[in-house]
Amino acid sequence: MILASSDKKTLRQTLVAQRRGLSPEDWKLRSQTIVQRLSHCPAVQDATCILAYFSIQQEPDLSPLFSLDKTWGFPVIEEKNLRWYPWKPGDPIAEGRYGIPVPTVQTNPIVLETVDLILVPGVAMDRLGYRLGYGGGFYDRLLASPAGQRIPTIGIVFEFALLPMVPREPWDRPLGAWCTEASRYELSAPE
């Protein structure tokens, strides 16, 4: 389903407003349930190096996961791409481009070939694994890169943002799985 950019914009605005409309208690409870589901997920348990995100605009908050004994990488926007830097609880965070929290220590970026899993935020996702992001294309470029194509992915959204179908473009790549507060599902690998 390819929609005009104005339709995507409207869908983004509607879903972000719905997310921001969650009470702090509801947002926290939903996020905790997602964290619990992820902590029991074999892909998370078996991973050594995981790329994740710091929650903005009331995205699901995965921060309790970051205490797991893993190498955690977080994105910093550099030109039109994401570069990933290690971070652990207690390390400082600063505000980066678009108000996105970033690790303040930005040396020794994570090499994508060492990454075992990417936890991908989104505005919406569909049951075929396609996601609707914020429109910058940063994750699209990451997932289309040769290294990004081989890394397993889990899309993270609240259940109300798991739609039957999201608008997509010919270059969009489906994620390998999704996790919400109500469901977790792994899609079969493409043949």
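The values are calculated or read from the model by the stated rules, or taken from the named source; none is laboratory data. Please read these numbers as outputs of a predicted model, since none were measured by experiment. In this analysis, Cβ positions are derived from the backbone assuming ideal geometry, glycine residues included, and neighbour counts consider all displayed protein chains. Surface areas here come from the heavy atoms of the whole protein model, side chains and all, with no ligands, DNA or RNA. Shrake-Rupley method; radii C 1.70, N 1.55, O 1.52, S 1.80 Å.
Overview of values
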{"quantity": "Label point distance in nm, Ala94-Ser39, each placed 7 Å from Cα along Cα→Cβ", "calculated": "3.2 nm"}
{"quantity": "Extended-chain gain in nm, criterion 0.36 nm per residue less alpha-carbon gap, Gln106 and Thr71", "calculated": "11.1 nm"}
{"quantity": "Heavy-atom accessible surface of region 1-108: percent carbon and sulfur, 1.4 Å", "calculated": "52 percent"}
{"quantity": "FRET efficiency estimate (nearest 0.05) - Cβ-Cβ, Leu128 to Gln18, R0 35 angstrom", "calculated": "0.95"}
{"quantity": "Residue-averaged 222 nm ellipticity for the chain, from DSSP H runs of 4+ at -39500 (n - 2.57), nearest 500", "calculated": "-7500 deg cm²/dmol"}
{"quantity": "Accessible area of region 115-164 belonging to carbon and sulfur atoms, whole % at 1.4 Å probe", "calculated": "59 percent"}
{"quantity": "Note, ³J(HN,Hα) from phi for region 123-136, Karplus 6.51, -1.76, 1.60, rounded to Hz, x at Gly and Pro", "calculated": "7, 8, 8, 10, 6, 9, x, 7, 10, 10, x, 8, x, x"}
{"quantity": "Accessible surface, per residue, of region 130-191 when the full set of protein chains is kept, probe 1.4 Å, Å²", "calculated": "49 Å²"}
{"quantity": "Other-chain or far-sequence residues with amide H under 5 Å of Arg168's (modelled H)", "calculated": "Ile2, Leu3"}
{"quantity": "Unsatisfied cross-links (Cα-Cα over 32 Å) in the set Lys28/Lys70; Lys9/Lys80; Lys8/Lys80; Lys8/Lys70", "calculated": "Lys8/Lys70"}
